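Engineer: Structure below; questions to follow.
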Amino acid sequence: MSDIRFSYLTWDQVITLHQVLNEVIPIHGRGNFPTLEVKPKDIIHVVTGQLIEQGIIVKDTRLNGSTASYILAKHNDMSHKDLDVMFGIELPSDQEFQLVKDVVLGCLLSFLPKDVKKENITLKILKEAYVQKMVKVCDKDDHWSLISLSNNTGKNIELAFVNSLRRQFEFSVDSFQIVLDPMLDFYSDKSGKLTKELYPVVVAESKYGDFQEAMTHLKHKLISTRKPEEIRGGGLLKYSNLLVHNFKPACEAEIKTLERYMCSRFFIDFPDVAEQQKRIESYLYNHFRGEEKSKYDYLMILHGVVNESTVFPMGDKRRQTLNMITLMALKVLGEQNILPNAGEVTCFYLPSPYFAAWGGSPTYYVTSVPPPTLFQPYHPLHFHVPDSMA
């Protein structure tokens, strides 16, 4: 294959892809609605068939995001959460978006248990029961929609329907897309059986550009991107996530410049501190379920990047953001009941206005280490905890 963006999957990678597509993933229903037991290959097949039946042209289907990276580098301690499936479709007008939504919701009916009476279940009811979020973007360069199906453990099935999408990756390590159509065609042949001598030719693409360079970054946990100012939010939240999972910059000399672009774009897209907090809370909810103990480290890394690399805005707005992140970190410690070593306690006085966003006004913060330096003013009050209280 001459184009450096593409590569063929090996036998081991095809087997891993096969396992992912055949894994039963629960879609949890709200209230009294039952859990749907769904294999990715089945929901992709049903949705694709219904789209075609409704006259929508499906150009291809792809697996992308962390699951694609996991398949390509399974033996590199990679993990994956959301299952991100991208349907490349043609949408002449916004009306097709409504049709796509109706198709997906209608397909959920076929996965309901047989003993469930389906006659009175409307599409609206299915949406309320099984959809975690829905997104639609329609502008000059971006014309796509996303439907995320609920999973209580954070392993959502996310179905994206893309007519056009200018930016399809944040960093090189999440730039991979695996074309699923050869595997889906193979599954349609009931007599087909995967063997090392006979298996589908599956192609993967890196939207970063150079597939082998991106694979090197993935295998060695290196951070690299291009034009982060083009990414909504600048890629700042994802970048901090990579750092907390022990990824390192591929180029130390370049990363500070990239960080400044990330921070600038983040503040441009989310200028209001309340909206920033909402975005960060949503990111934590979607990406750290099952990793609660990493939340504090993540927020402190994010705090450090914003503190060191923000050139716009300066002054009060920057301080408000830093204080908001600090408060979120303190709240995480409180939720996890993380207490310091009682023999090495320091009590810091913190003026109550700093806690207004936390829903209360505590006076003292007890810890074995001081708060971040931006959390000023504070006054250390050292004291010894008697053994009877320790």
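Engineer: Let me confirm something: among I255, I223, which residue is at pLDDT 95 or above and surrounded by fewer than 22 Cβ atoms within 10 Å (Cβ to Cβ)?
Structural biologist: Among I255, I223, only I223 is at pLDDT 95 or above and surrounded by fewer than 22 Cβ atoms within 10 Å (Cβ to Cβ).
Residue-by-condition table, conditions (1) open to solvent by 20 Å² or more (accessible area, probe 1.4 Å); (2) in contact (Cβ under 8 Å) with a residue 12 or more places away in the chain; (3) in contact with a Phe, Trp or Tyr (Cβ under 9 Å, 6 or more places away or on another chain):
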site: F176; (1), (2), (3): no, yes, yes
site: L180; (1), (2), (3): no, yes, no
site: F186; (1), (2), (3): yes, yes, yes
site: S191; (1), (2), (3): yes, no, no
site: K196; (1), (2), (3): yes, yes, yes
site: Y199; (1), (2), (3): yes, yes, yes
site: V202; (1), (2), (3): no, yes, yes
site: S206; (1), (2), (3): no, yes, yes
site: Q212; (1), (2), (3): yes, yes, no
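Quick grid of which residues meet (1) over 25 Å from S150 (Cα atoms); (2) open to solvent by 60 Å² or more (accessible area, probe 1.4 Å); (3) in contact (Cβ under 8 Å) with a residue 24 or more places away in the chain:
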site: N246; (1), (2), (3): yes, yes, yes
site: A250; (1), (2), (3): yes, no, yes
site: P271; (1), (2), (3): yes, yes, yes
site: Q277; (1), (2), (3): no, no, yes
site: V305; (1), (2), (3): yes, no, yes
site: S309; (1), (2), (3): yes, no, yes
site: F312; (1), (2), (3): yes, yes, yes
site: V332; (1), (2), (3): no, no, yes
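Here's the yes/no breakdown for (1) of a type outside the set (A, V, I, L, M); (2) closer than 16 Å to D174 by Cα; (3) at pLDDT 95 or above:
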| site | (1), (2), (3) |
| --- | --- |
| I231 | no, yes, no |
| Q276 | yes, no, yes |
| Y285 | yes, no, no |
| D316 | yes, no, no |
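Engineer: Do you know which residues across region 211-239 are of a type in the set (S, T, N, Q) and under 15 Å from T257 (Cα atoms)? Lay out the reasoning, then the answer.
Structural biologist: Taking region 211-239 and keeping what is of a type in the set (S, T, N, Q), we get 212, 216, 224-225.
Selection gives S224, T225.
Engineer: Please work out which residue is least open to solvent (accessible area, probe 1.4 Å), limiting yourself to region 14-61 and to residues that are of a type in the set (V, I, T) and in a loop (DSSP other than H, G, I, E, B).
Structural biologist: I56
Engineer: On to the next question. Among the residues of region 129-149, write down those that are under 22 Å from A68 (Cβ atoms), in a loop (DSSP other than H, G, I, E, B) and not acidic (D, E).
Structural biologist: Hits for region 129-149: nothing passes.
Engineer: I've got another one for you. Quick check: anything in region 5-13 open to solvent by less than 40 Å² (accessible area, probe 1.4 Å), over 16 Å from L159 (Cα atoms) and in a strand (DSSP E or B)?
Structural biologist: First, the residues of region 5-13 that are open to solvent by less than 40 Å² (accessible area, probe 1.4 Å): 7, 9, 13.
Remaining after also requiring over 16 Å from L159 (Cα atoms): 7, 9, 13.
Narrowing the set further to residues that are in a strand (DSSP E or B) leaves 7.
Looking through region 5-13, at least one residue is open to solvent by less than 40 Å² (accessible area, probe 1.4 Å), over 16 Å from L159 (Cα atoms) and in a strand (DSSP E or B).
Engineer: Can you pull out every residue in region 70-88 that is at pLDDT below 95 and surrounded by fewer than 22 Cβ atoms within 10 Å (Cβ to Cβ)?
Structural biologist: Of everything in region 70-88, those that are at pLDDT below 95 and surrounded by fewer than 22 Cβ atoms within 10 Å (Cβ to Cβ) turn out to be Y70, A73, K74, H75, N76, D77, M78, S79, H80, K81, D82.
Engineer: So, one more: Restrict the check to region 332-350 and report whether at least one residue is at pLDDT 50 or above, within 21 Å of N241 (Cα to Cα), more than 22 Å from the chain's Cα centre (by Cα) and assigned to a loop (DSSP other than H, G, I, E, B).
Structural biologist: Checked region 332-350: at least one residue is at pLDDT 50 or above, within 21 Å of N241 (Cα to Cα), more than 22 Å from the chain's Cα centre (by Cα) and assigned to a loop (DSSP other than H, G, I, E, B).
Engineer: Ok, one more. Kindly indicate whether L126 is in contact (Cβ under 8 Å) with a residue 12 or more places away in the chain and either exposed (fewer than 13 other Cβ atoms within 10 Å of the Cβ) or outside any helix (DSSP H, G or I) (or both). Before the answer, list the steps.
Structural biologist: Working: in contact (Cβ under 8 Å) with a residue 12 or more places away in the chain: yes; either exposed (fewer than 13 other Cβ atoms within 10 Å of the Cβ) or outside any helix (DSSP H, G or I) (or both): no.
So L126 fails the test.
Engineer: Any residue at all in region 153-169 that is among the β-branched types (V, I, T), out of contact with any strand residue (DSSP E or B) (no Cβ under 6 Å at 6 or more places or on another chain) and crowded, with 22+ Cβ neighbours inside 10 Å?
Structural biologist: no
Engineer: Check region 153-164 and report whether any residue there is assigned to a strand (DSSP E or B) and among the polar types (S, T, N, Q).
Structural biologist: yes
Engineer: Suppose we keep only residues that are within 17 Å of the chain's Cα centre (by Cα) and of a type in the set (K, R) within region 137-183. Which one would you say is farthest from Q13 (Cα to Cα)?
Structural biologist: R167
Engineer: Kindly indicate which of D115, D60, D94 is modelled with pLDDT of 95 or more, of a type in the set (D, E, K, R) and over 21 Å from the mean Cα position of the chain (by Cα).
Structural biologist: D60
Engineer: Quick one: which residue in S282, S240, S264 is open to solvent by less than 50 Å² (accessible area, probe 1.4 Å), free of Cβ contacts under 8 Å to residues at least 60 places away in the same chain, small (G, A, S) and in a helix (DSSP H, G or I)?
Structural biologist: Criteria check complete, one pass: S264.
The values are calculated or read from the model by the stated rules, or taken from the named source; none is laboratory data. For clarity, every value in this text was computed on a predicted model and none was experimentally measured. Cβ sites come from the backbone with ideal geometry, for glycine too, and all protein chains shown count toward neighbours. Surface accessibility is based on the protein's heavy atoms, side chains included, excluding ligands, DNA and RNA. Shrake-Rupley method; radii C 1.70, N 1.55, O 1.52, S 1.80 Å.
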